[in-house]
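K.L.:
My questions all concern the structure below.
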Amino acid sequence: MSPVGRAAVYPPDIPFQAQQARGKRYNATIGQITDGMGRAIALPSLAASLGALSPADLSAALLYSPIGGIPELRELWHRWHRPQDAAPSSLPLVTVGLTHGLALAADLFGGPDRKVLVPAPFWGNYRQVFGLRTGADIVPVPAYRDRQWQPTALAEKLAELETGEPAVAILNLPSNPGGYSPTREERRVLIDSLVEASEARPLVVICDDAYSGLVYEPEIPRASVFWELLDRSESLIPIRLAGATKEFVFFGGRVGFLTLPYETASPVAQALDNKLRCLLRAGVGSPVALSQVILAQALRNDAIDQEVAATVELLAVRYRALKRALAETLAGSDTVFEVPFNSGAFAMLELASGLDPEAVRQTLLDDFDTGVISIPPRYLRLAFCSVEAEDIPELVRRVVRGVESLR
Ligand SMILES: Cc1ncc(COP(=O)(O)O)c(C=O)c1O
């Protein structure tokens, strides 16, 4: 644990004392303005936009959320994600989007000079969350060799560290920017290699499941690797971050969930939960109640499974359109190559050596009315999640023409 993680203790002050007073006839603890019986006083102008909520939900939406999140939502999320046969894990703690959950994990397990291994290319914000904020040492680990995803890449890098040195590894599957999820066999190799690596050191594996469930090939497993890392080794500590951001297309809602690999009532889960609530209180006060209420309403609705499946199918159509367009446009190309992808929101293209992705990006902006993301030293990222299927062939043609114009 980091120095901050060791020192963090949930203070026995206002929220703690107010929690103990919940339901008392006279509750003069917390500084919320209520009707005197614990219900919110709803300003009509605010309530007007929340007309669909029941009185209880309206009140919950306008008052402070408990620091760990609204209990019903935590239960609903737990049930939504947890496979029936998974080993024990905690009731998830609500965070302000995944970023905040990652920041809490970084506060606990990052810290000065802690090695944080990240398959590269990766979501750049890990540098800020772990490196800038806690002083951790970000170690990029090439995720691909000859455009093949490498299940043992993290374990091989871990083996280079001094025996006994604690480390953090990040698993982001489906990945951003790669759009890759391992096959059944690659998953087995990945998991076994991490279990073996944890024999030499305490190993925290952060499962960043931002794109959970967005998988478009039937033979690729959908459930998070987190569930299979549970209970495999005492020195392997998986932490799961997931959230409504992408899965429920609720980007602005900022609802994330942090799950620990221990049963909620166990002393270790209680101790970690205590530290996490301390850090949460110190950072954002408490998570946003309104968006938790909205998400809980959605999860209570029987139609939600179908609604989420419909979004996954919409993305699957764009995914297949991109696969087709790349197969047709890149056939025989010696400048642009497809990097394997099967899930998530993105695909990566690799450029032949000598081509600068940033120069390509600028050219696409200036001359082709097209925006993509450049990832040095040789990749472009296409967000197929945000382009209509019928526009995808033209997007790919423009990208290829842009690259060719720089040859
Ligand atoms: C890999 C990855 N992790 C985390 C996040 C952040 O999620 P949130 O918007 O819920 O903070 C993103 C967002 O793009 C992401 O791509």
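K.L.:
State the Cα centre-to-centre distance between region 104-118 and region 305-379 in whole Å.
P.N.:
31 Å
K.L.:
Right, something else. For T163 paired with V189, estimate the spin-label separation in nm (one decimal), with each label point 7 Å from Cα along the Cα-to-Cβ line.
P.N.:
In this crude label model, T163 to V189 measures out at 2.6 nm.
K.L.:
Follow-up. In terms of Cα to Cα distance under 28 Å, which lysines are near enough to K275, apart from those fewer than 8 places away along the same chain?
P.N.:
K24, K115, K246
K.L.:
Choose one of A310, M348, A359: the residue whose Cα lies farthest towards the positive end of the charge dipole of region 304-368 (beta-carbon charges +1 Lys, Arg; -1 Asp, Glu; about the Cα centre).
P.N.:
In region 304-368, that residue is A310.
K.L.:
Treating only the Cβ of Lys, Arg, Asp and Glu as charged (+1, +1, -1, -1), what charge dipole size does the chain show about its Cα centre? Round to the nearest 20 debye.
P.N.:
About 1120 debye.
K.L.:
What is the magnitude of the charge dipole of region 81-146 about its Cα centre, with +1 placed on the Cβ of each Lys and Arg, -1 on the Cβ of each Asp and Glu, and no other charges, expressed in debye to the nearest 20?
P.N.:
Its charge dipole is roughly 80 debye.
K.L.:
Would you kindly state how much longer the chain becomes between D391 and E313 on full extension, computed as 0.36 nm times their sequence separation minus their alpha carbon distance, in nm to one decimal?
P.N.:
This chain segment gains 26.4 nm when fully extended.
K.L.:
Also: Return the sequence-ordered ³J(HN,Hα) values of region 138-154 in whole Hz as given by the Karplus equation 6.51 cos²θ - 1.76 cosθ + 1.60 applied to θ = phi - 60°, using x for Gly and Pro.
P.N.:
6, 10, x, 10, x, 7, 10, 10, 6, 6, 10, 5, 10, x, 9, 4, 5
K.L.:
A further question on this structure: Based on DSSP H runs of at least 4 residues, each adding -39500 (n - 2.57), what is the mean residue ellipticity at 222 nm of the chain after dividing by all its residues, to the nearest 500 deg cm²/dmol?
P.N.:
-12000 deg cm²/dmol
K.L.:
Also: Counting other beta carbons within 10 Å of each Cβ, put D356, D367, D302 in order, fewest first.
P.N.:
D302, D367, D356
K.L.:
What is the helix-to-structure angle for 71-81, meaning the angle in degrees between its Cα long axis and the longest Cα principal axis of the chain, kept from 0 to 90 and rounded to the nearest 10?
P.N.:
The two axes meet at around 30 degrees.
K.L.:
Another question, then. Hey, how much of the P(r) for the chain falls beyond 40 Å, as a percent of Cα pairs?
P.N.:
When every Cα pair of the chain is considered, 22 percent fall beyond 40 Å.
K.L.:
For region 81-173, which trypsin sites (Lys or Arg not before Pro) pass both filters: DSSP loop (anything but H, G, I, E, B) and at most 15 other C-beta atoms within 10 Å?
P.N.:
Listed in order of number, the matching sites are R147.
K.L.:
Still on this model: Using a simple charge model, +1 on the beta-carbon of Lys and Arg, -1 on the beta-carbon of Asp and Glu, nothing else, what dipole does region 68-195 show about its Cα centre, in debye to the nearest 20?
P.N.:
It comes to approximately 340 debye.
K.L.:
Still on this structure, I have one more. As a footprinting exposure proxy, order M37, M348, M1 by other Cβ within 10 Å, with the fewest listed first.
P.N.:
Starting with the residue having the fewest Cβ neighbours, the order is M37, M1, M348.
K.L.:
Rounded to the nearest 0.05, what FRET efficiency do S353 and R25 give with R0 = 51 Å and r taken as the Cβ-Cβ distance? Could you check?
P.N.:
Using R0 = 51 Å, I get an efficiency of 0.10.
K.L.:
Which whole-Hz ³J(HN,Hα) couplings does region 188-205 yield from phi under the Karplus relation 6.51 cos²θ - 1.76 cosθ + 1.60, θ = phi - 60°, glycine and proline marked x?
P.N.:
Couplings: 4, 5, 4, 5, 4, 5, 6, 4, 5, 4, 6, 6, 9, 5, x, 10, 8, 10 Hz.
K.L.:
With r as the distance between the Cβ atoms of L230 and M37 and R0 = 41 Å, compute the FRET efficiency 1/(1 + (r/R0)^6) and round to 0.05.
P.N.:
0.45
K.L.:
Take the chain, mark every one of the GluC sites (Glu not before Pro) that falls in a DSSP loop and has at most 15 other Cβ within 10 Å, then report the longest stretch left between them, sites excluded.
P.N.:
1-159
K.L.:
Highest mean first, how do 220-226, 21-27 rank when packing is the count of other Cβ atoms within 10 Å averaged over residues?
P.N.:
Top to bottom by mean Cβ count within 10 Å: 220-226, 21-27.
K.L.:
Of L108, P202, L229, whose Cα points farthest to the positive end of the dipole of the chain (charges on the beta-carbon: +1 Lys, Arg; -1 Asp, Glu; origin at the Cα centre)?
P.N.:
Highest projection toward the positive end goes to L108.
K.L.:
How large is ³J(HN,Hα) for each residue in region 83-96, as worked out from phi by the Karplus curve 6.51 cos²θ - 1.76 cosθ + 1.60 (θ = phi - 60°), to whole Hz, x for Gly and Pro?
P.N.:
After applying 6.51 cos²θ - 1.76 cosθ + 1.60, I find x, 3, 9, 6, 5, x, 8, 7, 5, x, 8, 7, 10, 8 Hz.
K.L.:
A further question on this structure: How far apart, in nm, are two points set 7 Å out from the Cα along the Cα-to-Cβ line at D137 and at A331?
P.N.:
Once both label points are built, they end up 5.0 nm from each other.
Bear in mind that the values in this text are calculations on the coordinates, not laboratory data. Note that the coordinates shown come from a computational prediction; the quantities given were computed from them, not determined experimentally. Positions of Cβ are backbone-derived with ideal geometry, glycine not excepted, and every protein chain shown enters the neighbour counts.
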